[in-house]
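The values are calculated or read from the model by the stated rules, or taken from the named source; none is laboratory data. Just so we're clear, the structure is a prediction, and the values are computed from it rather than from any experiment. Note that each Cβ is placed from the backbone with ideal geometry, even for glycine, and that neighbours are counted across all protein chains shown. When the accessible area is computed, the model is the full protein with side chains, heavy atoms only, and any ligands, DNA or RNA have been set aside. Shrake-Rupley method; radii C 1.70, N 1.55, O 1.52, S 1.80 Å.
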Amino acid sequence: QRAAKLNCLTLTMLQQLQTHLDLIESDTSIRAVVLLADEGKAFCAGADIQAWKDLSALDMWRLWVRQGHQIFDRLERLRQPVVAAVTGLALGGGLELAAAADVRIATQEARFALPEASIATCPGWSGSQRLVKEMGAGWVKAMALFGQWWRADDAYKNGFVQQVATTPAEAESMALQWAQKAADS
């Protein structure tokens with residue numbers, strides 16, 4: 001929704017995701033879900049840290065961390081298969097969002113990282129646990145503790161990404177094909 005801001009997540013966006021999940025769960029005609037980003041350099045560069053500046057420590061935990069955690073857990077548990085088309089950067093909460101999907105398609109330019117340590121925080125929406133299941137503890141530790149970034153081919157070789165596309169349009173098309181296969185079965 002916010003390509004100029006690298007699709008960074010705000011509390012409003014988390015609440016909108018919650019509303020969409022309510023609709024998806026209640027509509028039996030929806031058989032698959034595709035996560036797409038606005039065109040630009042990022043799928044999602046994580047949380048909008050400017051949105052944190054006015055929150056107290058308690059509100060940070062209660063509103064930001066807790067709600068985000070609950071929403072991403074809910075996304076992961078949807079009865080419908082979820083396919084993410086990762087076009088560009090998937091950083092921090094954006095990587096955690098992609099990790100909540102069942103299948104991920106990435107463009108060759110996609111980059112994945114958990115840069116939270118560089119701003120004195122840690123992944124807050126269960127991404128590190130999801131990523132360990134997908135990639136193994138060593139990769140996640142390299143990302144979270146040492147700032148290691150993945151390229152799309154690294155993520156593909158290690159099973160986090162199921163297909164690599166050459167363009168954002170191709171990634172979207174591939175994601176829609178995966179979703180259609182799920183809807184048809």
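A few comments on the model shown:
- All positions within region 89-105 that are open to solvent by 10 Å² or more (accessible area, probe 1.4 Å), outside any helix (DSSP H, G or I) and of a type outside the set (Asp, Glu): LEU89, LEU91, VAL103
- Unmet criterion (only one of (1) touching a residue at least 40 places away in the same chain (Cβ under 8 Å); (2) of a type in the set (Val, Ile, Thr); (3) open to solvent by 80 Å² or more (accessible area, probe 1.4 Å)) for THR28: (1)
- Near pairs, Cβ below 7 angstrom, 6+ apart or cross-chain, from region 139-152 (more than 12 Å from ARG111 (Cβ to Cβ)) to any residue that is in a helix (DSSP H, G or I) and among the β-branched types (Val, Ile, Thr): VAL140/VAL132
- Where ILE24 falls short, out of the listed (1) touching a helix residue (DSSP H, G or I) at 6+ places or on another chain (Cβ under 8 Å); (2) under 24 Å from ARG79 (Cβ atoms); (3) aliphatic (A, V, I, L, M): (1)
- Hey, ILE49 modelled with pLDDT of 95 or more and out of contact with any Gly (no Cβ under 7 Å at 6 or more places or on another chain) or not: no
- For ARG79, the criteria (1) over 16 Å from ALA182 (Cβ atoms); (2) in contact (Cβ under 8 Å) with a residue 40 or more places away in the chain hold in every case but one, which is (1).
- Unmet requirement for GLN80, which otherwise passes all of (1) at pLDDT below 90; (2) closer than 25 Å to GLY159 by Cβ; (3) more than 15 Å from the chain's Cα centre (by Cα): (1)
- Condition met for ASP102 (without any contact (Cβ under 8 Å) to a residue 24 or more places away in the chain and closer than 27 Å to ARG151 by Cα): yes
- For region 159-179, a tally of residues being open to solvent by less than 70 Å² (accessible area, probe 1.4 Å), outside any strand (DSSP E or B) and either over 16 Å from ALA101 (Cα atoms) or touching a Cys at 6+ places or on another chain (Cβ under 8 Å) (or both) returns 3.
- Filtered residues of region 9-25 (kept if among the β-branched types (Val, Ile, Thr), in a helix (DSSP H, G or I) and either surrounded by 15 or more Cβ atoms within 10 Å (Cβ to Cβ) or touching a His at 6+ places or on another chain (Cβ under 7 Å) (or both)): ILE24
- Summed over region 75-88, residues that are open to solvent by 40 Å² or more (accessible area, probe 1.4 Å) and either in a loop (DSSP other than H, G, I, E, B) or of a type in the set (Phe, Trp, Tyr) (or both) total 3.
- Test: residue in region 54-74 that is open to solvent by 20 Å² or more (accessible area, probe 1.4 Å), over 19 Å from ALA155 (Cβ atoms) and small (Gly, Ala, Ser): yes
- Going through (1) part of a helix (DSSP H, G or I); (2) modelled with pLDDT under 95; (3) not basic (Lys, Arg) one by one, THR121 falls short only on (1).
- In region 106-118, the residue that is least open to solvent (accessible area, probe 1.4 Å) out of those that are at pLDDT 95 or above and among the polar types (S, T, N, Q) is THR107.
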